Amino acid sequence: MENKTSSDDLEMRLQALETRIYGERRNQGVKPVKCAESLARIQAGLTNTANKRERVKILHKKIEDLMKYLDPQFTDHITVPDAMKLEFILAEEDFLLSQASLLEQVSNLQPLLDSSYVRDVPEHTTKLQRLSQIHIKQQDQSESQSLEVKKLFDEYNKMMFLLSKQFTQWEETLHKLEEARGLKPLEQ
């Protein structure tokens with residue numbers, strides 16, 4: 001049952017496609033042309049023609065050569081002589097030697113890259129992330145503690161200033177009272 005509906009759907013889609021391609025010409029009594037059948041006939045005709053003609057066979061064989069000749073690297077290969085290539089290599093000799101020495105250093109350091117320390121990096125990364133979070137949290141706490149300590153120092157300084165001022169006032173009052181009684185103030 002499902003196959004019938006799926007084939008009906010396919011047939012309807014194909015008819016809609018043919019209507020789009022042929023438009024109203026299809027309904028004017030012209031024999032309906034199936035696209036797939038037309039393409040198959042054209043392909044068969046081209047294949048028969050190509051097989052019968054020796055020149056076409058040769059042309060098909062030459063397509064690969066033509067593609068090779070159209071490649072930009074092929075034209076560079078033809079136009080740049082070997083002497084010029086040698087000069088390019090000699091001009092870059094210092095660079096090539098430095099790259100070779102760097103490559104040799106990398107190959108000498110390869111055992112370090114294969115060590116357990118490097119292999120354990122993902123495990124250490126998770127630990128480092130946790131430590132980083134703890135560090136950030138502690139930095140925030142230290143900032144709040146710093147602000148709190150600064151606030152306490154400000155309050156302490158204000159208190160000391162007020163106490164100093166109060167003691168100065170008391171000393172002046174005491175000094176005036178001692179003068180009024182006729183007592184001699186004590187020298188410090």
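What are the residue pairs meeting all of these: first residue in segment 2-23, first residue closer than 11 Å to LYS34 by Cα, second residue exposed (fewer than 10 other Cβ atoms within 10 Å of the Cβ) and small (Gly, Ala, Ser), Cβ atoms under 7 Å, and 6 or more apart or on different chains?
From segment 2-23, no pairs qualify.
Within the bounds of segment 126-140, is there any residue that is within 30 Å of GLU18 (Cα to Cα) and polar (S, T, N, Q)?
First, pick out the residues of segment 126-140 that are within 30 Å of GLU18 (Cα to Cα): none.
So far as segment 126-140 goes, no, none of its residues is within 30 Å of GLU18 (Cα to Cα) and polar (S, T, N, Q).
Name the residues in segment 5-47 that are more than 30 Å from HIS60 (Cα to Cα), at pLDDT 80 or above and of a type in the set (Gly, Ala, Ser), would you?
Passing the criteria: SER6, SER7, ALA16.
Scan THR49, THR79 and give me the residue that is among the polar types (S, T, N, Q) and surrounded by 10 or more Cβ atoms within 10 Å (Cβ to Cβ). Step through it out loud before you land on a result.
Details: THR79 fails: surrounded by 10 or more Cβ atoms within 10 Å (Cβ to Cβ).
The unique qualifying residue is THR49.
Considering each of GLU171, GLU178, GLU155, GLU148 in turn, give the residue that is open to solvent by 100 Å² or more (accessible area, probe 1.4 Å) and assigned to a helix (DSSP H, G or I). First the steps, then the outcome.
Details: GLU178 fails: open to solvent by 100 Å² or more (accessible area, probe 1.4 Å); GLU155 fails: open to solvent by 100 Å² or more (accessible area, probe 1.4 Å); GLU148 fails: open to solvent by 100 Å² or more (accessible area, probe 1.4 Å).
Result of the check over GLU171, GLU178, GLU155, GLU148: GLU171.
List every residue pair whose Cβ atoms lie under 6 Å apart, where the two residues are 6 or more positions apart in sequence or sit on different chains, the first residue falls within segment 65-90 and is at pLDDT below 80, and the second residue, located anywhere, is in a helix (DSSP H, G or I) and among the basic types (Lys, Arg).
PHE74/LYS68
When you go through GLU104, GLU123 one by one, which is the residue that is loosely packed, with under 10 Cβ neighbours inside 10 Å, in a helix (DSSP H, G or I) and charged (D, E, K, R)? Don't jump to the end; show me each part of the working.
Values: GLU104 fails: loosely packed, with under 10 Cβ neighbours inside 10 Å.
After ruling out the rest, the residue left standing is GLU123.
If I filter segment 62-87 down to residues being of a type in the set (A, V, I, L, M) and part of a helix (DSSP H, G or I), which single residue comes out as nearest to ALA50 (Cα to Cα)?
Taking segment 62-87 first, the residues of a type in the set (A, V, I, L, M) are 63, 66-67, 70, 78, 80, 83-84, 86.
In the following step, the residues that additionally are part of a helix (DSSP H, G or I) were identified as 63, 66-67, 70, 78, 83-84, 86.
Working: ILE63: 14, LEU66: 18, MET67: 20, LEU70: 24, ILE78: 33, ALA83: 45, MET84: 44, LEU86: 46 Å.
Only one residue fits best here, namely ILE63.
Can you tell me which of LYS137, LYS85, LYS68, LYS127 is in contact with a helix residue (DSSP H, G or I) (Cβ under 9 Å, 6 or more places away or on another chain) and among the basic types (Lys, Arg)? Write out each step before concluding.
Numbers: LYS137 fails: in contact with a helix residue (DSSP H, G or I) (Cβ under 9 Å, 6 or more places away or on another chain); LYS85 fails: in contact with a helix residue (DSSP H, G or I) (Cβ under 9 Å, 6 or more places away or on another chain); LYS127 fails: in contact with a helix residue (DSSP H, G or I) (Cβ under 9 Å, 6 or more places away or on another chain).
Result of the check over LYS137, LYS85, LYS68, LYS127: LYS68.
The values are calculated or read from the model by the stated rules, or taken from the named source; none is laboratory data. All figures in this text were calculated on a predicted structure; none of them were measured in a lab. For neighbour counting, all protein chains shown are included, and Cβ atoms are generated from backbone atoms with ideal geometry for every residue, glycine included. These area figures cover heavy atoms from the full protein model, side chains too; ligands, DNA and RNA do not enter into them. Shrake-Rupley method; radii C 1.70, N 1.55, O 1.52, S 1.80 Å.
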